[in-house]
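A short worksheet on the structure shown next.
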Amino acid sequence: MSDPVPVVVGVDGSPSGRDALDWAVAEAATQVRPLWVVHACPPPIDTGPLGPLPSLSPYTGTGDVLHEAARRAALVAPEVEVTTRLVSGGPVPALLGQRACLIVVGGRGRRGVRRALAGSVSVAVSARAQCPVVTVPPLREVVPGPSRAKVVVGVDGLDLSSRAIGFALQAAAQRGVGLTALHAWTPRPPADSGGLADDWAASRAVECRALDGALAGWRERFPTVDITPKLACDDPAHALAVESAGAALVVVGSRGRGCMTGVLFGSVSQVLRHAAHCPIAVARPRAVTAGRARAA
């Protein structure tokens with residue numbers, strides 16, 4: 001029997017990294033999986049034939065970061081097997097290079113550039129990872145709201161959200177909570193003001209059928225999870241951000257067309273990284289991740 005695939009978390013010594021670590025070790029305990037704690041640092045600077053100077057070594061202090069992370073993980077869930085890994089290079093390839101069932105990253109760095117880099121890491125990893133990626137916001141900013149004690153999943157009525165629904169249901173089942181399946185849409189304006197009522201009713205009926213179709217079969221696969229379908233006439237990112245207040249986790253799918261596309265044109269997952277009040281999971285369709293693996 002093969003060893004279980006680990007949960008992987010990136011740490012950098014920042015408060016955001018510690019929040020990600022706390023969430024990741026609790027998730028590893030829930031899934032009964034080992035935890036790999038990854039810390040990336042740039043390669044040594046070659047100063048000439050004598051090699052890098054000790055004072056310029058980028059590895060100074062990295063042992064402290066990993067030691068503190070291992071100690072903290074043991075306090076949160078002592079039953080979890082923890083492995084620390086120091087990787088030379090940038091954080092994105094360091095995390096993508098790990099064998100993982102789930103990758104967890106912090107949502108923000110310490111300040112200024114660190115905050116921007118933390119955001120870019122989560123975007124790049126989410127766009128390229130072959131497994132779901134969870135971005136953990138500062139836990140002190142988590143607030144109560146309409147979806148307390150639930151997992152929320154964004155449903156777009158397409159096959160793109162199928163993996164997100166499955167991941168969200170598994171998360172809800174593990175936590176013993178219900179699932180809110182939210183489908184948001186913006187109706188087209190009617191051709192004339194007299195057709196407003198008819199167009200609204202027809203539009204809502206179409207979206208309701210799309211939501212029911214996306215959830216077909218999932219209740220039988222997860223009979224212990226209370227699934228609540230919810231329609232919202234709203235921008236999807238805004239509707240999910242509102243619903244995230246008090247939720248344990250929000251899960252969204254992604255077309256996976258690359259992080260630059262997401263940065264330039266925006267997406268639901270991009271907006272939620274800044275607006276949501278709870279951890280955000282991005283679960284891309286398997287066809288996309290498989291295609292990227294073959295291309296690599």
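The values are calculated or read from the model by the stated rules, or taken from the named source; none is laboratory data. The structure displayed is predicted, hence computed values, not measured ones. Neighbour counts are summed over all protein chains in view; Cβ atoms, including those assigned to glycine, are modelled from backbone coordinates with ideal geometry.
Observations, loosely collected:
- Residues in the stretch 82-92 that are surrounded by fewer than 14 Cβ atoms within 10 Å (Cβ to Cβ) and at pLDDT 95 or above: Thr83 only.
- Residue selection: Arg273 satisfies the criterion of being in a helix (DSSP H, G or I), at pLDDT below 85, of a type outside the set (A, V, I, L, M) and within 21 Å of Arg128 (Cβ to Cβ).
- Residues within the stretch 212-230 that are in contact (Cβ under 8 Å) with a residue 24 or more places away in the chain and surrounded by fewer than 17 Cβ atoms within 10 Å (Cβ to Cβ), tallied: 7
- Test: residue in the stretch 96-116 that is part of a helix (DSSP H, G or I), touching a Lys or Arg at 6+ places or on another chain (Cβ under 8 Å) and at pLDDT 95 or above: yes
- Check on Gly195, farther than 19 Å from Ile103 by Cβ and at pLDDT below 80: yes
- Cross-chain or 6+ apart pairs with Cβ under 6 Å, the stretch 1-30 first and at positive phi, then of a type outside the set (Gly, Ala, Ser): Gly13/Val65
- Test: residue in the stretch 23-42 that is assigned to a loop (DSSP other than H, G, I, E, B) and modelled with pLDDT under 90: yes
- Yes/no for Ala173 being in a helix (DSSP H, G or I), more than 18 Å from Gly154 (Cβ to Cβ), at pLDDT 90 or above and aliphatic (A, V, I, L, M): yes
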